[in-house]
Amino acid sequence: MGNPMATRLVEAGHKLTICDPVAENRASLVARGAQVATTAGDLAQRCGVIFVTIPNDAVLAQLFDDAEDQGGLVGQIAAGTVLVEMSTVSPQASERVARILARRGVAYLRCPISGSTALARAGKLTALASGDRAAWDAASALLDVLAVRKFYLGAGEEARYMKLVLNTLVGATSSILGEALVLGERGGLTPGQMMEVITESAVGSPLIAYKREMIAQMDFAPAFSVAQMIKDFTLITEAGRDKQVPMFVANMILQQYTAASNAGYSEQDFFALFDWMRVAGGLSDDA
């Protein structure tokens, strides 16, 4: 997600400095005029507004560990810098980052995003923001380049919880749709027939419409993988435990994704849960 968002910013004429471990990502952005920082600390010295996209809590903790590395991001970031963290991470990890940055006088905006890589390239993401209001005001015009919808939700970790709410519904859609489609296929319908009717019905949604051809063609090339959904549902269920919220269905769905991953679907799109259910139900491609 970081690469298409960065591409939009540099193509909009903003002076962009990047720090990315993936060589092809760096090359594509440098070709468009971006500068490269060799380390996160170097980037922190050069930028007044910093956007962060990382894969998980562990990388977030490593990036913001202020105990030892005075040459790292936290050691070099200046008071008054605006830091916009856009990843899907736990509220607990985000709270720790907030405490670290507060000691440095940095304005911290939690801003997880909702949408696909295609929507990121088109600038049609949804930005869910909370945290320092001054950071929201400072970053708002830049977020307009990336997102067609923006929501400021509060002064703390509200955006992190909102992202988990959305991801719960997204991941659950694949689960219940898969079960329904297996039932219909057992009754003689094809996935294509069912998706045609579903997308024109009251239960149709933009997400289901987006996945219509994938399911009709049984082609689960990943836009968002089963492995990534396991990571998100782990965050969801852990947040539920932290807040003492019974999450019976979310925990069951996490087990479904885990079983599908163990059956070889890890790097397929998370809507491949339907194919895993078909196989588990004894259906074959010529059923």
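The values are calculated or read from the model by the stated rules, or taken from the named source; none is laboratory data. Keep in mind that this is a model prediction, so the values were computed, not measured. Here the Cβ positions follow ideal geometry from the backbone for every residue, glycine too, while neighbour counts run over all protein chains shown.
Taken together, the residues in region 94-107 that are in a loop (DSSP other than H, G, I, E, B) and closer than 23 Å to MET5 by Cβ amount to 1. PRO206 falls short on exactly one of the conditions (1) surrounded by fewer than 20 Cβ atoms within 10 Å (Cβ to Cβ); (2) of a type outside the set (D, E, K, R); (3) out of contact with any helix residue (DSSP H, G or I) (no Cβ under 9 Å at 6 or more places or on another chain); (4) at pLDDT 95 or above, and that condition is (4).
Among the candidates ARG110, ARG160, ARG121, the residue that is under 17 Å from PRO4 (Cα atoms), of a type outside the set (Val, Ile, Thr) and in contact with a Ser or Thr (Cβ under 8 Å, 6 or more places away or on another chain) is uniquely ARG121. Taken over region 110-146, residues that are part of a strand (DSSP E or B), in contact with a Leu (Cβ under 7 Å, 6 or more places away or on another chain), surrounded by 21 or more Cβ atoms within 10 Å (Cβ to Cβ) and not β-branched (Val, Ile, Thr) amount to 6. Scanning region 12-40 for residues that are among the charged types (D, E, K, R) and over 24 Å from the mean Cα position of the chain (by Cα), which turns out surrounded by the most Cβ atoms within 10 Å (Cβ to Cβ)? The qualifying residue surrounded by the most Cβ atoms within 10 Å (Cβ to Cβ) is ARG32.
Among the residues of region 218-270, those identified as among the small types (Gly, Ala, Ser), without any contact (Cβ under 8 Å) to a residue 40 or more places away in the chain and farther than 18 Å from THR88 by Cα are ALA259, ALA260, SER261, ALA263, GLY264. Residues in region 88-114 that are without any contact (Cβ under 8 Å) to a residue 40 or more places away in the chain and not aliphatic (A, V, I, L, M): ARG96, ARG99, ARG103, ARG104, GLY105, TYR108.
If only one of ASP20, ASP65 is in contact with a Gly (Cβ under 8 Å, 6 or more places away or on another chain), free of Cβ contacts under 8 Å to residues at least 12 places away in the same chain and either under 25 Å from SER130 (Cα atoms) or assigned by TED's automatic domain parsing to the domain that holds THR117 (or both), which one is it?
Step by step, each of ASP20, ASP65 is checked, and only ASP65 is in contact with a Gly (Cβ under 8 Å, 6 or more places away or on another chain), free of Cβ contacts under 8 Å to residues at least 12 places away in the same chain and either under 25 Å from SER130 (Cα atoms) or assigned by TED's automatic domain parsing to the domain that holds THR117 (or both).
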